[in-house]
Amino acid sequence: MNMGEKIEFLNNRAKMSLQNRCPYGPDVDVSSYIKSENSFKEVEDIGLLPENVVERIKSVGIDLGGSIKSSSYLQIDHSLVYKRKLYPNVEILSLDEALNDKYFVENYFWNLIDVGQDKFTAAAQLYGKGGYVIISKENSITESPVQACLFIKGTEVFQAPHNIVVAEPNSVLHVVTGCAAMPETVGLHAGITEFYVKKNSTVTFTMIHDWSRAAHVRPRTAVVVEDGGTFINNYINLNVSGLNSLQSYPIVYLKGENSRTFMSSIIVGRSNSYIDLGSAVKATGKNSSAEIISRAVSTDSSKIVSRARISSEASGVKGHIECRGLILNDGSGIWTVPELDSIVKDVELTHEAAVGKLSEELIFYLLTKGIERDEAVSMLVRGFLEVRVPSLPTLIEKQIKILMESSTKFL
Amino acid sequence: MLLDIRNLTVEVEGKTVLKNLSLSIGFGETVLLMGPNGSGKSSLIYTLMGNPQYKIKSGSIVFKGRDITNFSTEERVKLGLGAALQFPPKIYGITLRNLAKKLAKNDAEIDSTASLLNLTSFLDREINVGFSGGEMKRVEIFFLLLQKPSLALLDEPDSGVDIENMTVVGKAIGKLLSDSNNTAMKKPSGLIVTHLGHISRYVLTHRTYIMQNGAIICYGPTENLVNDVLKHGFDWCIKCYDDRLSCKQVGE
């Protein structure tokens, strides 16, 4: 199939799939979101952006113009607004630029995700605009993270960028994305992201999300990891601004021998948010390994479904799932769904799951140390949400720490 | 009197753990509390700290002249009670330093106190996660030193502590109970629960209480009592008490 044929095939399949409901999460009427038009133009200098937008972007840990020296990509609604390439070993392109390249389209465009998977993938192909492409060059290590921000500002926006990240062999790449919406914005985000982690490469992907109370979020993500490659996924949604619904179930294909992945998710459910979030791994590479860790805290009347699945089809696969949920009040709820399966015998797959309240014993302990009750609860919740993610640059660790401190104070 | 416990009866899940117990500690005094396993020593510590599982059925606790029988844990700690628990819980996600920062004046105090207890390399570890019994004891004393209570309740600070660290623990408790560790420059008081009495070699105590079945059965000068217990065991103590009881009954 040549490039033109591939695009035609994708569009046709998408058109046929526009009514396909996703088996998880509440349904959303996509058609009511796909009418809005572009509202932003690309800027040379980040200082030209409205101040409230810059502040909101900072709240999800992204500092585009500031002290942090990094390559950056900013998309507001449908438009690429700002792009900066700082390091020679990391290429940053907009998807539109990358689509001019035949090799790129054939090898990386919709190769990991079925465009007909559901109405969101279909709509993303047909109506989505923008997206970043990040490529780390062979044998290169770039410690400074690439920052990408996808932002919803308009109303009733359907934001569906298609992002593609490629780590060429023996390269190390760190990507941080902050996704946010202006307060009270009604919008639907269905970003598509494909990762190609080639031989002996390492990619860390940190996502910090904070949407608005009226937003529906349906990202679709898939990753392939080749021999000796490592993919670290670190999802943080402390939901400070609330959201209407979020459903996502990214999958990592451990195709290569000795490939590995670590997927963590930290979620706080507030107000009446509905969150259905999972992490899936399909291990077909010999001696590949996977670890999935999730921490969910439910408050108010929020509902959180926390899914995790490791499927093994190769010998020597090791996998572990750890799902923990903390219910802070009646009326909110957490469902954990850990799944393990294998069709070969030589594997080690384990899981542990726990859901419950904060231990009174721990609260009492902190009280005896002179900590007041509210603070004790908040320290324990903060401690509960602490996950040590391997391979992260200290810069990202620091950013996350600051964010966690400021966003868990009132829990 | 700093602490005056009168006729205290306490239940946990319907089971009586303290029976008509009376005990008092003066300002600047340190007393030892000994007794066999299950005699109610730790129950007394939990009750004094206001653990809600320990229901006071009768009697009273007066601390610094105030009846704190119905006070919450927070109120008791504010008033100057502090405890080093025998079995502190593991706390995932909170490091020693995180908690110490809430209690200490400054970072220098954290560092010097940690150094005193050989805990410098533990400061950035999660509280009690993967710690040995002896390490947990040191952690408890570390927090108490930062907390600076007027009355320190120490539950078995010497059990599980190896010989090398016994001196460290002894020295730290000595500091805890010395006047230099109190902002008001008043010598703090202590109640030290011990099973084996080792700690009495490191800390000067004013007297020793012996506990059995949730009640105080004897008290006297530490030197005599600890030696007797170590020599003859608690059974001897209990027999002595029973004998005294029967004498009393005969006398009556």
Subset of the stretch A:19-41 that is surrounded by 18 or more Cβ atoms within 10 Å (Cβ to Cβ) and either within 21 Å of A:Ser248 (Cβ to Cβ) or among the polar types (S, T, N, Q) (or both) - its residue that is modelled with the lowest pLDDT: A:Tyr33
Filter result (facing another protein chain (nearest Cβ under 7 Å) and surrounded by fewer than 19 Cβ atoms within 10 Å (Cβ to Cβ)) within the stretch A:367-381: A:Glu372, A:Arg373
Residue match in the stretch A:311-328 (condition: among the polar types (S, T, N, Q), under 15 Å from A:Ala283 (Cβ atoms), assigned by TED's automatic domain parsing to the domain that holds A:Met263 and within 26 Å of the chain's Cα centre (by Cα)): yes
Residue within the stretch A:396-411 that is within 27 Å of A:Val203 (Cβ to Cβ), within 14 Å of another protein chain (Cβ to nearest Cβ) and modelled with pLDDT of 90 or more present: no
Residue in the stretch B:121-151 that is nearest to the chain's Cα centre (by Cα), counting only those that are within 13 Å of chain A (Cβ to nearest Cβ) and on the phi > 0 side of the Ramachandran plot: B:Lys148
All positions within the stretch B:207-252 that are modelled with pLDDT of 85 or more, hydroxyl-bearing (Ser, Thr, Tyr) and surrounded by fewer than 18 Cβ atoms within 10 Å (Cβ to Cβ): B:Tyr219
Sole residue being surrounded by 19 or more Cβ atoms within 10 Å (Cβ to Cβ) and not aliphatic (A, V, I, L, M), chosen from B:Lys15, B:Lys41: B:Lys41
Residue in the stretch A:211-221 that is crowded, with 24+ Cβ neighbours inside 10 Å and over 29 Å from A:Thr408 (Cα atoms) present: no
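Criterion first (part of a loop (DSSP other than H, G, I, E, B) and crowded, with 19+ Cβ neighbours inside 10 Å) does A:Leu74 satisfy it? Spell out how you get there, then give the answer.
Values: part of a loop (DSSP other than H, G, I, E, B): no; crowded, with 19+ Cβ neighbours inside 10 Å: yes.
Against the criterion (part of a loop (DSSP other than H, G, I, E, B) and crowded, with 19+ Cβ neighbours inside 10 Å), A:Leu74 does not qualify.
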Among residues of the stretch A:326-366, those that are surrounded by 13 or more Cβ atoms within 10 Å (Cβ to Cβ), more than 14 Å from chain B (Cβ to nearest Cβ) and closer than 30 Å to B:Ala100 by Cβ, counted: 2
Matching option when the condition is of a type outside the set (A, V, I, L, M) and modelled with pLDDT under 80, among A:Glu5, A:Glu55, A:Glu51, A:Glu44: A:Glu44
Count of residues meeting criterion [touching a Phe, Trp or Tyr at 6+ places or on another chain (Cβ under 9 Å) and within 14 Å of chain A (Cβ to nearest Cβ)] in the stretch B:45-74: 11
Counted residues, the stretch A:389-411 - those being surrounded by fewer than 16 Cβ atoms within 10 Å (Cβ to Cβ) and among the small types (Gly, Ala, Ser): 2
Members of the stretch A:149-171 that are more than 19 Å from A:Glu97 (Cα to Cα) and within 19 Å of the chain's Cα centre (by Cα): A:Phe151, A:Ile152, A:Phe158
Hits in the stretch B:81-103 (condition: more than 7 Å from chain A (Cβ to nearest Cβ), over 21 Å from the mean Cα position of the chain (by Cα) and among the charged types (D, E, K, R)): B:Arg97, B:Lys101
Index of the failed condition, A:Gly130 passing every other in (1) without any contact (Cβ under 8 Å) to a residue 60 or more places away in the chain; (2) surrounded by fewer than 19 Cβ atoms within 10 Å (Cβ to Cβ): (2)
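The values are calculated or read from the model by the stated rules, or taken from the named source; none is laboratory data. What you see is a predicted model, and the numbers here were worked out from it, not measured in a lab. So basically every Cβ, Gly included, is an ideal-geometry build from the backbone, and we count neighbours across all protein chains shown.
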